[in-house]
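Worksheet for the structure shown next.
What follows is calculated from the coordinates using simple rules that are stated; it is not laboratory data. Remember, predicted model here, so these are calculated numbers, not experimental data. Glycine gets a Cβ as well: all are built from the backbone with ideal geometry, and neighbour counts include every protein chain shown.
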Amino acid sequence: MALDGITTSAIVSELKAALLGGRIDKIHQPLADEIRMSIRGLGGGAKKIIISANSAHPRIHLTESSRENPMTAPLFCMVMRKHIAGGKIIDIVQPNFERIIILRIESSNEMGDITTKNLILEIMGKHSNIIFCDDTGRIIDSIKHIPAQVSSVREVLPGRDYFIPKTQEKYNPLHTDPDFFRSHVCKKPMSIIKAIYSTYTGISPVIANEICHRASIDGDQATDALSEDAALHLYHNFSWMMEDVTACNFSPNIIMNGKEPVEFSAFHLSIYED
């Protein structure tokens, strides 16, 4: 089961509907890798949100649960309280279809001037992190500090510039066309499923398989088995799913085998209909 770019997009859609315009009332850090915030000024009363950079279960979601907080707030929590307590959530975005969610927060600084801060959750397995930046992209602090000795790709330290590391040459699936699809997916010497998820950011093998199934194509066969008509039909099914992402037409579901969950998705998975 993978939390891919499509699921991340669905989470962003849900969070925007629930939190935009709300003000940050309380900020706590009950665990070394977890932030909890209370958001007020919304219909239905205050809402609570968890932002976790846990290596095994990184996530962001609304919650009704509570945790006991330490007597003394950790430094990262204190920094956030200083900068965004009382701040207004003005946008929630997913850059370049990555597994990254950015909360853009408008607040007043010490001089009374309105500034924008970015609270960034990177959902990247053991490399997950929560990074707090100013409006120029400079890192104010992060819940996990990553020095050069740990990562030669990117330092994550106060004062450094924030950027998303390009570890693979993949493309945004929301910005594609039939010619690009044919030249970058249908010409790769590999299975059709692998060609799809290795070309585009945020597409998991399960979603690639689902796209093939919707197109009535065996995704395990090599790309050179595709005729021109089949390749175009495959692209159309890929494009229709991306249109649903753009329009936020999600239908979250969990696939169960008896009482055991075996898969989840932001879309109906026809590959499991049997």
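Worth a mention:
- For segment 150-274, the square roots a ≥ b ≥ c of the C-alpha gyration tensor eigenvalues yield an a/c of 1.5 or more together with a/b not exceeding b/c, which makes the shape oblate.
- Here the Kirkwood formula, the inverse mean of 1/r across different C-alpha pairs, assigns segment 144-223 a hydrodynamic radius of 14.7 Å.
- Helical runs assigned H by DSSP (4 residues or longer) give the chain a calculated mean residue ellipticity at 222 nm of -7500 deg cm²/dmol, each run adding -39500 (n - 2.57) before division by the residue total.
- Subtracting the Cα-Cα distance of A73 and K187 from their residue separation scaled by 0.36 nm leaves 35.6 nm.
- Cα long-axis angle, helix 205-214 against the chain (0 to 90 degrees, to the nearest 10): 40 degrees
- One decimal place: the segment I90-E243 gains 52.6 nm when fully extended, by the rule 0.36 nm per residue minus the C-alpha distance.
- Computed Kirkwood radius, in angstrom, where 1/r is averaged over Cα pairs of segment 93-141: 11.6 Å
- Distance from segment 64-138 to segment 1-52 (C-alpha centre basis), Å: 11 Å
- Most to least packed among 130-143, 177-190 [average Cβ atoms within 10 Å]: 130-143, 177-190
- Here the translational diffusion coefficient of the chain follows from Stokes-Einstein with Rh set to the Kirkwood radius across Cα pairs; for 20 °C and 1.002 mPa s it amounts to 105 µm²/s.
- Spin-label model, A46/D25: points 7 Å from Cα along the beta carbon direction are separated by 0.4 nm.
- P(r) of segment 7-139 over all Cα-Cα pairs, binned every 5 Å from zero, in whole percent: 2, 11, 20, 25, 23, 14, 5, 1, 0
- For segment 95-211, alpha-carbon Rg over 2.2 N^0.38 Å: 1.34
- 20 Å Cα-Cα reach of K88 towards lysines, excluding residues that sit fewer than 8 places from it in its own chain: K16, K26, K47, K48, K117
- Radius ratio Rg over Rh of segment 139-186, counting only Cα atoms, Kirkwood formula for Rh: 1.23
- Residue-span extension gain [H57 to S251] - 0.36 nm each, minus C-alpha spacing: 67.6 nm
- By average C-beta atoms within 10 angstrom, highest first, the peptides 39-45, 265-271: 265-271, 39-45
- Each label point was placed 7 Å from the Cα along the Cα-to-Cβ direction; for A17 and E228 their separation is 4.3 nm.
- Residues of segment 19-41 with an amide N closer than 19 Å to a point placed 7 Å from the Cα of E64 along the Cα-to-Cβ direction: 19, 37-41.
- Protection proxy ranking, peptides 53-61, 231-239, average beta carbon neighbours within 10 Å, highest first: 231-239, 53-61
- Rounded to the nearest whole Hz, the Karplus-based 3J(HN,Hα) values (6.51 cos²θ - 1.76 cosθ + 1.60, θ = phi - 60°) of segment 8-17 follow the sequence 4, 4, 5, 4, 4, 4, 5, 5, 4, 5, with x at glycine and proline.
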